Every structure is written in structure tokens, then in C-alpha cells.
Amino acid sequence: MGSWRVERLDQLPTALLATIMTKLDISSICSLAVTCRAFNSCASHILSFLPNFHILDISPSMELIKSLLPPNSHLQSLKLDCGQLNDSSIELLLRPSLQELCFHNCADFSGKLLSEIGSRCKDVRSLYLGSVAEKRGRAIHISDLEELLGGCTQLEELNLMFDLSLFLHHNFARVWALASKKLTSLEIGYISSVMVTELLSPNVGPHQYPNQIRPSILPAIQKLSLAVDYITDTMVGTISKGLALLTHLELRDAPLIEPRVTFDLTNSGLQQINQHGRLKHLSLVRSQEFLSTYFKRVNDLGILLMADKCANMESICLGGFCRVTDTGFKTILHSCSSLYKLKVCHGSQLTDLVFHDIAATSLSLTHVSFRWCNLLTNHAIKSLVRNTHLKVLDLRGCKNLGDEALAAIGSLCELKMLQLDNSDISDVGIAYLQHGIIGSLVSLSVRGCKKLTDKCISVLFDGSSKLELQELDLSNLPNLSDNGVLALAKSRVPISELRMRQCPLIGDTSIMALASMQADDDRGHGSNLRLLDLYNCGGITQLSFRWLKKPYFPRLRWLGVTGSVNRDIVDALARNRPFLHVACHGEELGTDPWNNIDSSYMHDYEELDELEQWLQEGEWESDDEEMEDAEDDADVVVE
């Protein structure tokens, strides 16, 4: 029997190489494609039969999509950021074989996208559409939604993350009657509470006599997530009665004016929750986005009435319940023995007494969030950490927490995410983390902790332990200077998201240090940083922009700067790095942990710099010259 020996991977048979590469994601395929011609050729070939195509970190143009998405009858899952696409790309994107579609940032599409999905993708089971027709001049009609719901008869999960309140009310419920009977999960970006009530209320069917009442539509729904104008008793009652299989209910409102009693949630509404006894996850949040308003008609009695039916709850999130006291919150802790996730936001009457006897419960909490609960002190945290399996601890806005709280938190060896924004901690308290949880933390935020100085960086990252930290927020620290960032760069911690907005002492030296920073794998300058927020840092000048060009920060996808530094240089940088999202107006970068708290510390960051290299291959050299010209012009102005 003869021997067969391969000295290099590119000598493998093409069919075998293709089989191996189909097991990889797009970014990994592109990583191989730039290494040699054989891999490049194979990568181009397998794109015609890959089952999954996911690119969400960049917004590819129509030209790039044409090269990356050849005819492919095997394509089942397509996920894209459509920020640079419009209706002209519909025919290229939509395939009959697709079972999962996820399109973000569809502002330049019209309602045609919905109707075409309904006619072209009959077998799609999971659908996510974000920001459809939000650009001026783009229209969306109820008929588009009708074709979508009528055509996609196999839908099981539907996420429509745009404003549905624009549709005519009298046609809305009729159209939803066409929805797939297999639909178990529904999320809507915005809808009025009146439309929700009309949609789910028992009514006369389209082919029935007036005395024949049909059951609620969407009978199979198990998960419902809605952003509405007002959370009301009527809407909550209709949902609870009409959706007998409901296990997840998430409702969020953001009132523009103070709600009247008929358009508000009261104790009566809470009593109607979980009438069928299947609910496991409940979230009721009143956002302060437009107006500082709360659920003023709910008190401890409402929580007591709700708790009677919620003994089997596993996660509860309550935001804006300003009249609920320790009595109500203790009822939840002592009634819900299966609870592992508890979030309270703007709990203005929540105090340490809630946790005084928490050891007497059988709870094993893993996710805890007490945002802007200003009455909590160190004593509450000392009691809370008896839940030794805590993985997520969000204490943002708890101003009375200090170093004693950090000493207690330091014993939580499984903690992954810790958020301490605007607390009273100091460098001394940070030292308690160094010998405890710092080795397990993936995300740490100390934004607005005014007592912290450069010393906290050297204490945390002294090189004594291997760190897994990926996200670090040092924003609004008036005493953080370039020396602290230099210490961070020397530590070689593989941070992928670094926020330092509103730090007056951060300057060009910090950018140069981060640009030269190498992680332990030595993959390149500033190799791991994917998000860098420098908005309104006092010492940033045009010099920093020279270090933000390639080849520095090869994986950078989000950058926050102050546009007034020099608008021409900012624009030239955006052209130089077309896949970089440059924010100049102070907007927060990345996702909101409040909405994505579970997955944010488990996200597997893809390495898309190779993708960019493969797609461009030197396409943007001229933009380097544009940046240099902009810098020269700026120098002339300075002189």
C-alpha cells in the first residue's frame, strides 16, 4: 500500500479543502482566502454552496454583495447589515431556499422588501427586519405587511423592528389573521397600545356572522416583546387572556406626556398577569427617554396580587415602579423560588432591608441589575453576594456604593459582567478586585466614578494574572490621564471595546499608545480593539488621526470622536476606512447592555479584518492621500 504525504495544506485535494472550509464562518473563510491563491480560489468557489452567510459588523455595498453572494440553492441563513443597500438589491438577496433572514438598518428600503419576502421566501422560519423605510421618501403600506404575513406560512419567529403604528387601525387586525399558525415568537419595534388591544381581542371573523366570536389570533405565541406608547391595564389584560401559551412577556413604553388613568398600568392590571400560569419571564419597563415619568398607580398591593400567580417565574424585570417599597420587592424574592434573574430600574424606594434575610430564601440568582436605585448601600451588596453564582451584576447609578461593596463583590469568582457607573468607589476599592474576580471578568464599567485615578489601571492590570477582559468603560473620569492608558497598553490585555468619552486629560499620547498596543497573540498593532470611544476627550488633536489610519487598529469597527476637531480629517478617515462607523455627535456606540445583558459577555467576536482585506485588496490607497491633504490643510489653519 503506497504512502501519501502532504507537506502543505494548499496541496490537499480541492474537494477536501472545500469540505473543510464549509464548516467555517465567513470571517474564517476570508482569513484563509488571503493566505494563498489555492485558498482564495477555493473560498470563491464554496460561496456558491454555503448554507450560512452572516456579516453584521460591516455594511457591505451592492458591488461587494454581488461578489460574495453568487447563485446558491443551498443558502438557508442570511444575516446582513443593509445600511448601504436599497430596493435594487432585493432580487440579489432573496432566495427561495432561505429559512432564516436577518436584515439590520433597512432604512433605505421601501415596503417592497416585505412584500417580496412574502412572495420569494415562502419557507422562511425566522425573520428579523430593522428600520424598514425610515429614510425620508421611503413608503410602507399595509398591503406590504399583508403579502409578507400571507406568503410566509412557515414563520415561527418574527421581529419587525420599526414603527407599525403608521398602519391603518381598521385593517391591522384583519391582516394579522393571515399570519402563520406556527408563529411562536413576535417582537415589534413600536406599536400603539390601542392597536395591540384590537389585534388580540376576540372579534368577529372575516367569514363569520356577527354572533360568532372567533378566538384571539396568534394562538401559538409563546414569546411577545413590544415597545408601545403606554402600558395599560386593558392591553395587559388582553394579552394575558388571549395568549394562553405565553411564557415570555416583555413590554416597554416611553410616554411623551404623563399618562391618564385610562392609559396607564395600575394594581388591577398587574393582577391580570399570567392568568394561564405558564409565564416564566416578565419585563415591564417605563423608559425615561422622553419624560421623567413612572408607574405612579402601582404600589405594593399590585406586586402582592401579581406574585400570587408568579411563583414559577424565572426572570423579572421592573423599571419605573417608584411607589413599590421593600415590602413589594421582598414579596418577589420570597414568592418566586425559581428566580435566577432580577432587574429593577429606578426603584426609588428600594433599600437594603430587601436583602436582609435573603439567605433564608432558596434563590440562586445569576443575573442581578439595580440601576439607579439610589438608596442601596454597601450593606445590601454584602447580603446579595451570598448568591455566589452571580454572573452579571449591574449597579449603575447606585451612588452610595463604595469600597466596602467592592470588597464583597471580590468574592464572586464566577462574575462575568460588573457595572458600577457613578458609584463612590476609589482606587482602594478597585484593588479588592485584583486578587479576586478580575481573572473572570469579561466586562467592567466604572464610568463616572470620580474618585478613580490612573492608579486604578496599574492596580487592575499589574500582570499577575491572565485576564479575559474584553469590554472596559473608563468614561467621564476626570483624573484619568495618558499615564493610565500607557499602563493599560503595557498590560497587553486583549480588550476589544474601550470607552473613554468625556475624559479631559486623555490626549494624543493615549491614541499612540493604543495604536502600538499588542495583545499576547502578537497579531498586529492595536490588534483586538473593535470599539474605541474618544468623544469629547480634552487632549485629542489632529495628530491622533494619523494613528487611526491603517495599518493601526486593524479590527476597529466603531469610533467615537468629536467632529469639531477637524471635520475634513474625520470625513477623510471615514473614506479611508469605509467599514468603520465614525460617530461625531456624542451618540453611544455598540449595543445597549440593558437589552442584551445575557449575550454581551458571551459574544464570540469575529475577525473581520481579513474580510476587509480580501474585499478591498488595495482598493483604497488614494484615500490615504486624501487624509494627508486634510491634515496638511489643518496644519496651515493652525499656523
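Listed values, structure above:
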{"read-out": "Inter-residue pairs, beta-carbon under 7 Å, first among the polar types (S, T, N, Q) and in the range 295-307, second open to solvent by 70 Å² or more (accessible area, probe 1.4 Å), 6+ apart", "value": "ASN299/ARG323"}
{"read-out": "Residue in the range 254-267 that is assigned by the TED database to the domain that holds ALA307, under 25 Å from the mean Cα position of the chain (by Cα) and of a type in the set (Gly, Ala, Ser) present", "value": "yes"}
{"read-out": "Tabulated pairs, the range 88-117, first among the hydroxyl-bearing types (Ser, Thr, Tyr), second assigned to a helix (DSSP H, G or I), C-beta under 6 angstrom, 6+ apart or interchain", "value": "SER89/MET62; SER110/ASP87; SER115/ASP144; SER115/GLU147"}
{"read-out": "Of all residues in the range 334-351 being of a type in the set (Ser, Thr, Tyr), more than 13 Å from CYS373 (Cα to Cα) and out of contact with any helix residue (DSSP H, G or I) (no Cβ under 7 Å at 6 or more places or on another chain), the one that is surrounded by the most Cβ atoms within 10 Å (Cβ to Cβ)", "value": "TYR340"}
{"read-out": "Residue within the range 464-472 that is open to solvent by less than 10 Å² (accessible area, probe 1.4 Å), under 29 Å from the mean Cα position of the chain (by Cα) and over 18 Å from LYS382 (Cα atoms) present", "value": "yes"}
{"read-out": "When residues of the range 16-31 are limited to those that are in a helix (DSSP H, G or I), at pLDDT 70 or above and under 31 Å from the mean Cα position of the chain (by Cα), the one surrounded by the fewest Cβ atoms within 10 Å (Cβ to Cβ)", "value": "SER28"}
{"read-out": "Which listed residue is at pLDDT 95 or above and out of contact with any Pro (no Cβ under 7 Å at 6 or more places or on another chain), from LEU166, LEU183, LEU199, LEU218", "value": "LEU183"}
{"read-out": "Within the range 221-270, considering residues that are buried (at least 21 other Cβ atoms within 10 Å of the Cβ) and among the polar types (S, T, N, Q), the one nearest to GLY189 (Cα to Cα)", "value": "THR232"}
{"read-out": "Test: ALA431 is assigned to a helix (DSSP H, G or I) and either open to solvent by less than 10 Å² (accessible area, probe 1.4 Å) or within 20 Å of PHE329 (Cα to Cα) (or both)", "value": "no"}
{"read-out": "Matching residues in the range 144-155 - criterion: being surrounded by fewer than 18 Cβ atoms within 10 Å (Cβ to Cβ) and assigned to a loop (DSSP other than H, G, I, E, B)", "value": "THR153, GLN154"}
{"read-out": "Of all residues in the range 271-287 being open to solvent by less than 50 Å² (accessible area, probe 1.4 Å) and assigned to a loop (DSSP other than H, G, I, E, B), the one that is farthest from PHE321 (Cα to Cα)", "value": "GLY277"}
{"read-out": "Residue within the range 253-263 that is modelled with pLDDT under 95, of a type in the set (A, V, I, L, M, F, W, C) and not in a loop (DSSP other than H, G, I, E, B) present", "value": "yes"}
{"read-out": "Single match in LEU160, LEU166, LEU178 (criterion: part of a loop (DSSP other than H, G, I, E, B) and touching a Gly at 6+ places or on another chain (Cβ under 8 Å))", "value": "LEU178"}
{"read-out": "Residues that are within 13 Å of MET512 (Cβ to Cβ) and either touching a strand residue (DSSP E or B) at 6+ places or on another chain (Cβ under 8 Å) or among the acidic types (Asp, Glu) (or both), drawn from the range 547-563", "value": "LEU548, PHE553"}
{"read-out": "Count of residues meeting criterion [in a helix (DSSP H, G or I) and open to solvent by 10 Å² or more (accessible area, probe 1.4 Å)] in the range 392-417", "value": "4"}
{"read-out": "Complete set of residues in the range 466-497 that are under 21 Å from GLN542 (Cβ atoms) and either outside any helix (DSSP H, G or I) or free of Cβ contacts under 8 Å to residues at least 12 places away in the same chain (or both)", "value": "SER481"}
{"read-out": "The one condition in (1) at pLDDT below 95; (2) closer than 18 Å to ASP25 by Cα that LEU98 fails to fulfil", "value": "(1)"}
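The values are calculated or read from the model by the stated rules, or taken from the named source; none is laboratory data. Being a predicted model, the structure only gives us computed values, none of them experimental. Note: ideal-geometry Cβ built from the backbone for every residue, glycine included; neighbour counts use all protein chains shown. These accessible areas exclude ligands, DNA and RNA; they are computed on the full protein's heavy atoms, side chains included. Shrake-Rupley method; radii C 1.70, N 1.55, O 1.52, S 1.80 Å.
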